[in-house]
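Asks: Just dropping this structure here.
The values are calculated or read from the model by the stated rules, or taken from the named source; none is laboratory data. Everything quoted here is computed from the prediction, not taken from an experiment. So basically every Cβ, Gly included, is an ideal-geometry build from the backbone, and we count neighbours across all protein chains shown. These accessible areas exclude ligands, DNA and RNA; they are computed on the full protein's heavy atoms, side chains included. Shrake-Rupley method; radii C 1.70, N 1.55, O 1.52, S 1.80 Å.
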Amino acid sequence: MADVSRRLFVKGAALGAATLSTAGILAACASEAKPAAEEPKADAEPQTQAPAADVLTPTKAPSADTASNFEAMPDSITTVGTTYENLLAAIEGETGATAKYTAYAEAADKEGFDQIARLFRCTADAEKIHIELEYNLAKEIDPATEKPEPPTIEPHGSGVNLISGANGEIYETSDMYPSFIKKAQEEDNQKAVQVFTRAKLAEAYHAERYLDAYNTIDTPSDDTYYLCPICGYIHKGENFTACPICLAPKESFTAY
Ligand code: FE2
Ligand code: FE2
Ligand code: FE2
């Protein structure tokens with residue numbers, strides 16, 4: 001209830017701010033007919049107003065059965081096998097992503113992009129969470145399952161590395177995982193549906209973080225990234241209380 005009240009409060013504050021700014025515009029229009037106002041005095045106290053916070057306080061986890069963004073791309077390039085084969089393919093993809101992001105983090109360090117280096121390290125660790133979830137499930141099906149060797153990666157400049165990362169994340173969230181989720185649903189493998197679903201949802205946020213870092217490459221902040229230890233969701237900044245994918249509390253997150 002506390003979370004809901006807080007959300008309503010913030011929503012109310014936002015509405016209040018909107019009402020105030022509308023009143024401000026009306027007041028500005030009305031003042032046009034009046035003589036010009038006095039210039040503010042140089043020693044006057046500056047008018048400071050805290051911006052309304054955008055607090056992320058999720059109360060409901062998304063589901064592959066009801067969500068509207070689980071269709072695979074019509075021009076899908078994913079080869080779909082059995083759920084076990086799909087788990088192996090996902091582990092291989094996540095292993096490649098981990099290797100890429102680790103190399104990209106080192107490249108960002110060399111270029112002096114501290115925030116981008118932190119984001120790549122955080123995302124590499126997120127993909128390791130996906131690997132463990134998928135590997136444990138694959139081993140339940142075949143205990144002899146082994147992890148693949150990571151590929152060798154040659155990084156480029158950080159701008160290109162961010163776009164390369166975003167491209168991979170968008171492929172996974174819009175094509176690979178939706179295709180694997182559909183197959184797991186057909187096989188009625190609910191564990192696989194959940195593992196693929198959480199990864200699918202996390203990848204979309206990874207893409208968003210990469211594009212945000214790309215757009216602010218020359219105007220970075222020192223915001224902290226937070227990694228959900230359950231599903232690999234990444235949050236930038238302090239304005240959240242729980243994971244929007246699995247509802248794990250902020251206190252359980254790892255900071256980068
Ligand atoms: Fe992943
Ligand atoms: Fe990802
Ligand atoms: Fe999570």
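Asks: Only one of (1) more than 16 Å from ligand 3 (Cβ to nearest atom); (2) closer than 23 Å to P229 by Cα fails for L133. Which number is that?
Replies: In the conditions (1) more than 16 Å from ligand 3 (Cβ to nearest atom); (2) closer than 23 Å to P229 by Cα, L133 misses (1) alone.
Asks: If I filter segment 138-155 for residues that are touching a helix residue (DSSP H, G or I) at 6+ places or on another chain (Cβ under 9 Å) and either within 16 Å of ligand 3 (Cβ to nearest atom) or among the small types (G, A, S) (or both), do I get at least one hit?
Replies: Yes, segment 138-155 contains a residue that is touching a helix residue (DSSP H, G or I) at 6+ places or on another chain (Cβ under 9 Å) and either within 16 Å of ligand 3 (Cβ to nearest atom) or among the small types (G, A, S) (or both).
Asks: If you take the residues of segment 187-203 that are within 13 Å of ligand 3 (Cβ to nearest atom) and under 16 Å from D175 (Cα atoms), which of them is most open to solvent (accessible area, probe 1.4 Å)?
Replies: R198
Asks: When you check D175 against the structure, is it within 18 Å of I234 (Cα to Cα) and either touching a strand residue (DSSP E or B) at 6+ places or on another chain (Cβ under 8 Å) or buried (at least 17 other Cβ atoms within 10 Å of the Cβ) (or both), yes or no?
Replies: The answer is no for D175.
Asks: Which numbered condition in (1) of a type outside the set (D, E); (2) more than 13 Å from ligand 2 (Cβ to nearest atom); (3) assigned to a loop (DSSP other than H, G, I, E, B) is the only one that T197 fails?
Replies: Evaluating T197 over (1) of a type outside the set (D, E); (2) more than 13 Å from ligand 2 (Cβ to nearest atom); (3) assigned to a loop (DSSP other than H, G, I, E, B) leaves (3) as the failure.
Asks: Taking the condition of being out of contact with any helix residue (DSSP H, G or I) (no Cβ under 6 Å at 6 or more places or on another chain) and either within 16 Å of ligand 3 (Cβ to nearest atom) or of a type outside the set (A, V, I, L, M, F, W, C) (or both), how many residues in segment 96-123 meet it?
Replies: Within segment 96-123, residues that are out of contact with any helix residue (DSSP H, G or I) (no Cβ under 6 Å at 6 or more places or on another chain) and either within 16 Å of ligand 3 (Cβ to nearest atom) or of a type outside the set (A, V, I, L, M, F, W, C) (or both) number 9.
Asks: Of a type in the set (S, T, Y) and within 16 Å of ligand 3 (Cβ to nearest atom): does that describe Y233?
Replies: Judged against the criteria, Y233 is a match.
Asks: How many of the residues making up segment 108-158 are within 14 Å of I217 (Cα to Cα) and open to solvent by 20 Å² or more (accessible area, probe 1.4 Å)?
Replies: The total comes to 7.
Asks: If you take the residues in segment 222-251 that are outside any strand (DSSP E or B) and open to solvent by 50 Å² or more (accessible area, probe 1.4 Å), which one is nearest to A67 (Cα to Cα)?
Replies: This residue is L247.
Asks: Turning to a different aspect of this structure: Residues of segment 210-221 being within 24 Å of L247 (Cα to Cα) and surrounded by 23 or more Cβ atoms within 10 Å (Cβ to Cβ), which ones?
Replies: The one that is within 24 Å of L247 (Cα to Cα) and surrounded by 23 or more Cβ atoms within 10 Å (Cβ to Cβ): Y210.
Asks: Within segment 213-230, how many residues turn out to be near ligand 3 (Cβ under 10 Å from one of its atoms) and either without any contact (Cβ under 8 Å) to a residue 12 or more places away in the chain or not hydrophobic (A, V, I, L, M, F, W, C) (or both)?
Replies: Counting residues in segment 213-230 that are near ligand 3 (Cβ under 10 Å from one of its atoms) and either without any contact (Cβ under 8 Å) to a residue 12 or more places away in the chain or not hydrophobic (A, V, I, L, M, F, W, C) (or both) gives 1.
For (1) in a loop (DSSP other than H, G, I, E, B); (2) under 17 Å from the mean Cα position of the chain (by Cα); (3) within 12 Å of ligand 1 (Cβ to nearest atom), each residue gets a yes or a no:
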site	(1), (2), (3)
L119	no, yes, no
E127	no, yes, yes
L137	no, no, no
E140	no, no, no
P155	yes, no, no
Y177	no, yes, yes
I181	no, no, no
A184	no, no, no
Y205	no, yes, yes
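Asks: Against the definition (modelled with pLDDT of 95 or more, under 27 Å from A67 (Cβ atoms) and either open to solvent by less than 30 Å² (accessible area, probe 1.4 Å) or not in a helix (DSSP H, G or I) (or both)), how does G168 come out, yes or no?
Replies: When the stated conditions are applied, G168 passes them.
Asks: Taking the residues in segment 209-247 that are in contact with a Cys (Cβ under 6 Å, 6 or more places away or on another chain) and among the hydroxyl-bearing types (S, T, Y) as candidates, determine which candidate is farthest from L162 (Cα to Cα).
Replies: Y233
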